Structures are given as structure tokens and as C-alpha cells.
Amino acid sequence: MESWSVGFDGDDDVERHAGMHDARSGKPALRLKAVSDYI
Amino acid sequence: MRVERLSEEFEVKFDPCAFDLKPGIPPEGLSREQVYAGRVYPEGYIDNMRQMAADSGVEMKRPPVIPNTRKAHEATEFAREHGDLAAFHRAVFHAYWTEERNIGEIDVLCDVASSCGLDPEGLREALADGRYAGAVEGQMTWSRAVGVTGVPTVIFDDRFAVVGAQDYEVFVDVARRVVAQRGTKSEDSR
């Protein structure tokens with residue numbers, strides 16, 4: 001989840017701006033592409 | 001599922017990608033005996049597979065029909081656009097492996113969709129006109145192009161792949177390493 005926070009408040013904001021942390025949960029974001037079939 | 005457990009620690013963006021594990025299955029499916037005729041499994045293989053599934057909360061039976069999953073993948077794209085993608089993905093697995101339903105049948109997929117709060121008639125229409133057929137074909141083409149040969153293959157942040165039904169500890173270890181390796185200037189400027 002992207003966070004378009006205005007201003008700069010240290011590394012946390014840089015990471016959030018880069019989409020690396022979810023602004024609400026504070027958890028690190030992780031993209032998981034699951035290549036699979038149902039059988 | 002192991003992937004879903006990761007959401008306890010990470011804000012997971014789940015992105016299913018279709019793979020055609022058994023090309024050539026007709027739309028109505030084939031019997032398990034037809035598909036696996038003559039196959040002999042090592043001792044304990046099936047029990048081990050079932051135990052791993054059980055550890056992930058999936059009761060794994062031996063459905064009598066091997067379905068053509070193309071429409072199930074198209075329905076997954078419908079869920080991606082209209083509802084809870086992860087819930088639908090999980091529900092289709094459950095319908096097949098636990099309830100032993102033929103997920104190649106549109107009626108079954110519409111029923112599963114309805115149970116997930118999706119519009120079954122909207123899905124029926126989308127499957128009839130092949131609205132997501134191109135997207136699914138594109139995913140299958142991409143999977144082959146990048147060298148995926150076994151499923152599940154889980155790709156972390158587009159740069160690290162874990163193949164097969166590994167222990168949860170493997171997934172969370174890779175996830176932590178991928179996250180820890182971020183923060184370089186090149187990553188920030190993506």
C-alpha cells in the first residue's frame with residue numbers, strides 16, 4: 001500500500017513513500033506472486 | 001495456507017498467477033484413472049502430501065475428476081477485479097480438494113463465487129464471453145517464459161522464488177531476508 005505522506009521524517013517516511021511499509025498496519029509490505037494451478 | 005500466514009507479519013499483496021499444470025485436459029475434465037493410469041507413488045508419498053496440506057488447514061482428498069482449470073483461473077481474475085481475491089482463491093481449492101467438486105464446471109465456480117460474496121451471474125456472463133481468457137493466457141505464457149516448471153512457485157518481490165510446498169519456516173525466512181535487503185538507493189527509486 002503506497003503512502004503519499006508529505007514531508008520527510010527520517011528513513012521510515014522514505015520507506016513508506018517507496019511502498020515498503022503499509023501506512024496503517026506498519027508491517028513491511030511484501031509482494032507475493034503465487035504461480036499455481038488448482039489441481 | 002502458508003502464504004496467508006505471512007500476513008501476520010507482513011502486509012502481503014497476494015498476486016495469483018495461472019499455470020497450466022496438465023495441458024490438454026478437455027473442458028469436461030478426465031477421470032483420475034485416465035490421467036494417472038499406471039502411475040506408482042513412492043511409499044508414504046500420498047500420506048506425506050496430505051499431512052502437509054493438513055498442516056496448512058486443507059483437508060486433501062482424492063477428487064475423482066481432474067478438471068480443466070482454465071475457467072477457474074478466469075474466475076480468479078473476476079474475483080481480483082470484483083471482490084476478495086484471496087478468499088475466492090482459497091475457496092476454489094477447498095471446493096476441489098476437500099469437497100471434490102469439478103471446478104471446471106461454470107455452475108460450480110458460480111456457486112463458489114456466491115459463497116465468497118461475488119455476483120454469480122456476473123461471473124457467469126464474464127466466463128461465457130471469455131472476458132478474462134486473454135489475461136489468463138498471458139499469465140500462463142509468462143510463467144513458462146520465466147521458467148516455472150512446478151507449482152506452487154511463490155515469487156517474493158519479483159526477485160526470489162520458492163518452489164514447492166515448503167515448510168512455513170522457509171517462506172517466512174525468505175520473506176524476512178527479502179525485506180531486510182531493501183532500503184538501498186536503487187530499491188527506493190523504483
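Below are the figures for this structure:
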read-out: Dipole moment magnitude, nearest 20 debye, the protein assembly as shown about Cα centre, only Lys, Arg, Asp, Glu C-beta charged; value: 620 debye
read-out: Greater than 26 Å apart at Cα, pairs in A:Lys33/B:Lys71; A:Lys27/B:Lys71; B:Lys13/B:Lys71; A:Lys33/B:Lys22; value: A:Lys27/B:Lys71
read-out: Charge dipole magnitude, Cβ of K and R +1, D and E -1 - segment B:2-182, Cα centre, debye nearest 20; value: 560 debye
read-out: Max mean-square fluctuation residue, GNM over chain B, Cα-Cα springs under 10 Å, options B:Phe19, B:Phe160, B:Phe88; value: B:Phe160
read-out: Gyration tensor (alpha-carbon) shape descriptor, segment B:1-124, a/c threshold 1.5; value: oblate
read-out: Over segment B:2-182, relative contact order from alpha-carbon pairs under 8 Å, at least 6 apart, %; value: 24 percent
read-out: For B:Arg144, net neighbour charge (Lys/Arg +1, Asp/Glu -1) across residues whose Cβ lies under 12 Å away; value: -2
read-out: Residue with peak Gaussian network fluctuation, chain B [Cα springs, cutoff 10 Å], from B:Val40, B:Val148, B:Val112; value: B:Val40
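Bear in mind these aren't lab numbers, they're just calculated from the coordinates by the rules spelled out. All values reported here derive from a predicted model rather than from experimental measurement. Counting neighbours? That spans all protein chains shown, and the Cβs are built from the backbone with ideal geometry, glycine included.
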